[in-house]
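**Student:** Before I ask anything, here is the structure I am working with.
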Amino acid sequence: MLDADQKIVVSGMRPTGLLHLGNYHGALENWVRLQADQTIARRFFFVADWHSLTTDYDQTSEVKNFGFQMFIDWLAFGLDPAQSTIFIQSRVPEHAELHLLLSMITPVAWLERVPTYKDLQKELSGKDLSTYGFLGYPLLQTADVALYSGSHVPVGQDQVAHIELSREIVRKFNHHFKHEVLAEPQALLTKFPKIPGTDGRKMSKSYNNSIYLSDTTETVRKKILPMKTDPARMRRTDAGDPEKCPVFDYHKIYSSPDTINTVAEGCRSAGMGCIDCKKALLKSMDERLDPFRQRRVEVAAKPDDVRAVIEQGNTDARKVAVLNMERVREVIKI
Ligand code: TRP
Ligand code: SF4
């Protein structure tokens, strides 16, 4: 059993599409960084495939494949199975058992007042989100974390309300059954750089503006070169403002301070054209991403090895989950 004062990190990603650079810089890169944090006792990262079903139960055909591709991205971009237990949620059925047991003590009103509940229903009004499963989304997430006694949950700002709800549910559970059997998690918020899609809007697969971790160098070139820039730069001789240009957001992530300065100055003085600016960006991106892309090709070439890593992760996660569920059943006396 793990000590109560040890940090246990748990997080998941929904396999609703291929991972793009927004997912990398917003989450995966941070997960990889957490592997170097010696104050963390254990790390659990999983493919939240059941969570995909809460919004997309009508399009399940790709979930398995996206989950598999996600694993390849994770391994290629630096998650190390020796340091992180990486697995698939639905292969550890204890997630569902804990979700069910927690549902017994969770007031429906607590779930209804989670901001993402009504927001997403409005945003995705074309979808049927009037289901029990969708209402229970943050409860399943609570089970995901509590199952491993998770103390820290690396998530984006949009998920903070879910973690807050998790804390309340855990408290109510412990209080009701008079044992500190479940751990109260806290959000681990990380700053991450702004990385817009190639059209300047939020990077999202539904906008068709994403650069995927699985894109080749050539594909990325074809996506970057036609990017819209600062509209003030109609002609090559028009000066621009790099802060109004998504290409510059990318420079800030991938280029050296020297290149960033040269580009910003060249943009403001019209000394540099947008094509040259984008070519400089591609050079910086390739330097940073090519080693990962190469590794991705190698990893993807050995699907059986990937499957073995997944199996091992599922087994390791399940060991912890089974032990914790025994304690949970014990306090419920069931
Ligand atoms: N809800 C998270 C998201 O959309 C994914 C997720 C599912 C998760 N279960 C989790 C994140 C448990 C952290 C912990 O990003
Ligand atoms: Fe954008 Fe670079 Fe063109 Fe300036 S020079 S508008 S930063 S692409």
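**Student:** Can you tell me which residue in the stretch 277-299 is surrounded by the fewest Cβ atoms within 10 Å (Cβ to Cβ), limited to those that are within 15 Å of ligand 2 (Cβ to nearest atom) and among the aliphatic types (A, V, I, L, M)?
**Tutor:** Per the criteria, the residue is LEU282.
**Student:** Within the group LYS178, LYS191, which residue is open to solvent by 50 Å² or more (accessible area, probe 1.4 Å), farther than 25 Å from LEU101 by Cβ and more than 16 Å from ligand 2 (Cβ to nearest atom)? Working first, answer last.
**Tutor:** Values: LYS178 fails: farther than 25 Å from LEU101 by Cβ.
From the options LYS178, LYS191, the qualifying one is LYS191.
**Student:** Here is a follow-up. Could you list, in sequence order, the residues of the stretch 255-276 that are open to solvent by 50 Å² or more (accessible area, probe 1.4 Å) and within 17 Å of THR198 (Cβ to Cβ)?
**Tutor:** ILE275
**Student:** I'm trying to understand the selection: among the residues of the stretch 260-276, which are in contact (Cβ under 8 Å) with a residue 40 or more places away in the chain and either among the acidic types (Asp, Glu) or within 6 Å of ligand 2 (Cβ to nearest atom) (or both)?
**Tutor:** CYS274
**Student:** Of (1) farther than 19 Å from GLY26 by Cβ; (2) crowded, with 20+ Cβ neighbours inside 10 Å, PRO246 satisfies all except one. Which?
**Tutor:** (1)
**Student:** Still on this structure: Looking only at the stretch 231-254, count every residue that is within 11 Å of ligand 2 (Cβ to nearest atom) and farther than 18 Å from ASP199 by Cα and tell me the total.
**Tutor:** 3
**Student:** In the stretch 137-183, which residues are of a type in the set (Val, Ile, Thr) and out of contact with any strand residue (DSSP E or B) (no Cβ under 6 Å at 6 or more places or on another chain)?
**Tutor:** Passing the criteria: THR142, ILE169, VAL170, VAL181.
**Student:** Out of all the residues in the stretch 192-240, which are hydrophobic (A, V, I, L, M, F, W, C) and touching a residue at least 40 places away in the same chain (Cβ under 8 Å)?
**Tutor:** Across the stretch 192-240, the qualifying residues are PHE192, ILE195, MET203, ILE211, LEU213, VAL220, ILE224, LEU225, MET227.
Yes or no, residue by residue, for (1) outside any loop (DSSP other than H, G, I, E, B); (2) over 18 Å from TYR24 (Cα atoms); (3) within 16 Å of ligand 1 (Cβ to nearest atom); (4) outside the structural domain of VAL145 (by TED's automatic domain parsing):
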| residue | (1), (2), (3), (4) |
| --- | --- |
| HIS179 | no, yes, no, no |
| LEU182 | no, yes, yes, no |
| ALA239 | no, yes, no, yes |
| ASN261 | yes, yes, no, yes |
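**Student:** Looking only at the stretch 257-293, which residues are among the small types (Gly, Ala, Ser) and touching a His at 6+ places or on another chain (Cβ under 6 Å)?
**Tutor:** None; the set is empty.
**Student:** Starting from the stretch 122-138, keep only residues that are more than 12 Å from ASP58 (Cβ to Cβ), then list their pairs with residues that are within 14 Å of ligand 1 (Cβ to nearest atom) and part of a loop (DSSP other than H, G, I, E, B) whose Cβ atoms are within a distance under 8 Å, requiring at least 6 positions of separation or different chains.
**Tutor:** Listed by first residue and then by second, the contacts come to PRO138/VAL114.
**Student:** State yes or no: is HIS175 of a type outside the set (A, V, I, L, M), under 19 Å from ARG329 (Cα atoms) and part of a loop (DSSP other than H, G, I, E, B)?
**Tutor:** Details: of a type outside the set (A, V, I, L, M): yes; under 19 Å from ARG329 (Cα atoms): yes; part of a loop (DSSP other than H, G, I, E, B): no.
So HIS175 fails the test.
The values are calculated or read from the model by the stated rules, or taken from the named source; none is laboratory data. Just so it is clear, the structure is predicted and the values come from calculations on it, not from any experiment. Counting neighbours? That spans all protein chains shown, and the Cβs are built from the backbone with ideal geometry, glycine included. Accessible surface is based on the protein model in full, side chains and every heavy atom, while ligands, DNA and RNA are left aside. Shrake-Rupley method; radii C 1.70, N 1.55, O 1.52, S 1.80 Å.
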